[in-house]
Amino acid sequence: MRAPSVAEIAAGDVLLAVEGVSLAFGGVKAVSDVSFDIRKGEIRAIIGPNGAGKTSMLNVINGFYHPQAGRITFKGKTRRAMRPHAAAAGGIARTFQNVALFKSMTTLDNIMAGRSLKMHKSFFWQIFRHGPALSEEIEHRKTAEEIIDFLEIEHIRRIPVGKLPYGLQKRVELGRALAMEPDLLLLDEPMAGMNLEEKEDMSRYILSMNNYYGTTIALIEHDMGVVMDLSDRVVVLDYGRKIADGTPDEVKKNKAVIDAYLGVAH
Amino acid sequence: MLLYKIFIDPFVQMGASPDLFVQTLWEGLVAGVLYALIALGFVLIFKASGVFNFAQGIMVVFGALTLVGIYEILVRWGISQENVAAFLALGLTIGVMFLLAFAVERIVLKPLVNQPDIILFMATFGLTYFLIGFGEYVFGGSSKVMIADQLYLPKGFIDLKILGGVVSLQKIDIAAAVIASIMVTGLALFFSKTRIGRALRAVADSHKAALSVGISLDQIWVIVWFASGLVALVTGIMWGARSEVSFALEVIALRALPVLILGGFTSIPGAIVGGLIIGIGEKLGDFYWGALLGRGIESWLAYFIALVFLLFRPQGLFGEKIIERV
């Protein structure tokens, strides 16, 4: 298995598209008329200064927020808004900016909780499948163990995650999302607060998921080096509006983007 | 002299007639088991939904009342076999508790989701008075006799000749203790071993994370309300068998408050240990120290213990330590 090239992605199927999405809280406009799409198999970065509406956008995609205007098309089905349960059942998994784990439960239980829903499995996840003779719980347990192996967290399997250091918590959270065998994985600042080594580990996991299992990934990240290295395409938000959309190189040269990040004299 | 009465005399009495001491201890233990069950109902709901369910006490009465009420109706309809009618009524009551859980989720919790805690708390107040009115309307306001015999619950005493005296244990109390331990063990296994149990713990820890992995909050809430409805029903049967079934029982819900303060609002072991401490503390305190204060201290001793606890350990015996970061 090999990651699809940029050209292949450009020609590829759209997995998820948002069109004209607007979201306001009272008078505060979090997102205004934003449209973009995420294609099957790509790593799509969402960037922008603080308060640009990135996390709001993820919350719209997995159904936590219901936008006042716009449409969301996921796997060919168009909706006014997603619902969290429908999003999860449809194969959207996510992690959170401030780590939302089941703190009193062990690493293993957290990952098993990720298998609460019997997801429909994407073709690439065959590696985690086992013989039909095994009972369901054992089968799911095996999958969980393989995820634990993949993320190199065997040593903390039985520890309540509330006791773990932050970097490991982030990894467990990724494991829980992975346990859903998602078609679309939303990562909200997966590397926030990490040191260089942890960032490199995390980048490696993200690339492996994308390369070997073909998981489509949308990520929010502030570390520009990481964004430029990992992502196939980048969408840039500023004050809730989309100001740029394209390959990392295109976005890097975009004047509006440079202005948004560095500020301009008006 | 006072110090002697507080610190020495009671223990001398305990040593002088150990049979009386054991008898008091046993009665405290039994009361404690029932307190623990009520507190358990609170804890289940509080853990999963963050709602302090004021109606838990009334659910105890409502469950017991529904059981007896349905039994009476069935007998009136001509089911002559008393035991058959009783167990049929038990099955139907369990059904009613499920409907109640379902209705609470749909009508009360769901529309109020994400509202401040105080609003949900007030809603459970409303639920309390609704249940009182509804129960009286359907089954009448007069107090009833629990159908303990018809449910094959034992009656009478076991007299143990020990410690140079006689300790008499009510069989219904022994049954209550056994049934309560079976139920608590069952709940614990359910929580730790099954997929739904894992989902329940997940919801208790983080709503948004639970939603993100596709756990349905609606479903979980119905399950916890049903579970605590069952706990309430069992408590109602046991308590009703010792006294009678009437809305006067609702005050026992307030007895669970000190238990919760002692055990912590989120800890199941805390509810059990807290219940036993309060139950035993009340009885021993009243029997050996009550005379000092003119008797009747049983009714407020628990609250006093809870107050002392609040001063020194506000998170309860088993609650998580509260650390406020600034």
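A single entry from B:151, B:189, B:160 fulfils the requirement of being under 30 Å from residue A:112 (Cβ atoms) and modelled with pLDDT under 85: B:189. Of A:38, A:61, all but one fail to be within 14 Å of another protein chain (Cβ to nearest Cβ), more than 25 Å from residue A:262 (Cα to Cα) and aliphatic (A, V, I, L, M); the exception is A:61.
Annotation note: of A:115, A:94, the sole residue that is surrounded by 22 or more Cβ atoms within 10 Å (Cβ to Cβ) and at pLDDT 90 or above is A:94.
Confirm whether residue A:63 is within 18 Å of the chain's Cα centre (by Cα) and assigned to a loop (DSSP other than H, G, I, E, B). Yes: the conditions hold for residue A:63.
Among the conditions (1) within 14 Å of another protein chain (Cβ to nearest Cβ); (2) over 20 Å from the mean Cα position of the chain (by Cα), the only one that residue B:223 does not satisfy is (2).
Within region A:231-259, the residues that satisfy the criterion of being on the phi < 0 side of the Ramachandran plot and crowded, with 20+ Cβ neighbours inside 10 Å are A:231, A:232, A:233, A:234, A:235, A:236, A:237, A:242, A:244, A:251, A:257. Among the residues making up region B:1-30, a single one is small (Gly, Ala, Ser) and closer than 18 Å to residue B:158 by Cα: B:28. For residue A:185, the criteria (1) crowded, with 17+ Cβ neighbours inside 10 Å; (2) more than 17 Å from the chain's Cα centre (by Cα) hold in every case but one, which is (2). Scanning region B:187-246 for residues being in contact (Cβ under 8 Å) with a residue 60 or more places away in the chain and among the small types (Gly, Ala, Ser) gives a total of 10. Listed by position, the helices (runs of 4 or more DSSP H) inside region A:194-266 whose residues that are charged (D, E, K, R) and touching an Asp or Glu at 6+ places or on another chain (Cβ under 8 Å) number at least 1 are A:196-213. Based on this model, can you work out whether residue B:182 counts as surrounded by fewer than 20 Cβ atoms within 10 Å (Cβ to Cβ), more than 14 Å from chain A (Cβ to nearest Cβ), in contact (Cβ under 8 Å) with a residue 12 or more places away in the chain and more than 24 Å from residue B:108 (Cβ to Cβ)? No.
Residues in region A:164-204 that are over 27 Å from residue A:228 (Cβ atoms) and away from chain B (no Cβ under 12 Å): A:164, A:165. Looking at this structure, is residue B:43 within 17 Å of residue B:272 (Cα to Cα) and either in contact (Cβ under 8 Å) with a residue 12 or more places away in the chain or charged (D, E, K, R) (or both)? The answer is yes for residue B:43.
Considering region A:219-266, and only residues there that are within 20 Å of residue A:42 (Cβ to Cβ) and small (Gly, Ala, Ser), the residue that is modelled with the lowest pLDDT turns out to be A:225.
Of the residues making up region B:282-311, just one is touching a Leu at 6+ places or on another chain (Cβ under 9 Å), free of Cβ contacts under 8 Å to residues at least 24 places away in the same chain, surrounded by 19 or more Cβ atoms within 10 Å (Cβ to Cβ) and not acidic (Asp, Glu), namely B:285.
Condition check ((1) crowded, with 21+ Cβ neighbours inside 10 Å; (2) over 21 Å from residue B:69 (Cα atoms); (3) of a type outside the set (Gly, Ala, Ser)) across all residues:
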site	(1), (2), (3)
B:238	yes, no, yes
B:241	yes, no, no
B:244	no, no, yes
B:255	yes, yes, yes
B:258	yes, yes, yes
B:263	yes, yes, no
B:268	no, yes, yes
B:272	yes, yes, yes
B:279	yes, yes, no
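Contact annotation: residue pairs with Cβ atoms under 6 Å, 6 or more positions apart or on different chains, pairing a residue in region A:181-197 that is within 13 Å of residue A:45 (Cβ to Cβ) with a partner that is part of a helix (DSSP H, G or I) and among the hydroxyl-bearing types (Ser, Thr, Tyr), are A:188/A:55. For region A:65-85, which positions are surrounded by fewer than 21 Cβ atoms within 10 Å (Cβ to Cβ) and either charged (D, E, K, R) or facing chain B (nearest Cβ under 9 Å) (or both)? Correct list: A:71, A:75, A:77, A:79, A:80, A:83, A:85.
Here region B:201-212 is the region considered, the condition is being at pLDDT 85 or above and more than 7 Å from chain A (Cβ to nearest Cβ), and the residue that is nearest to residue A:100 (Cα to Cα) is B:210. Of the helices (runs of 4 or more DSSP H) contained entirely in region B:1-99, those carrying at least 2 residues that are crowded, with 24+ Cβ neighbours inside 10 Å and not basic (Lys, Arg) fall at B:18-49, B:56-76. Looking across A:88, A:93, one residue alone is in a strand (DSSP E or B) and within 14 Å of another protein chain (Cβ to nearest Cβ). It is A:93.
The values are calculated or read from the model by the stated rules, or taken from the named source; none is laboratory data. Nothing here was measured: the structure is a model prediction, and the numbers come from that model. In this analysis, Cβ positions are derived from the backbone assuming ideal geometry, glycine residues included, and neighbour counts consider all displayed protein chains.
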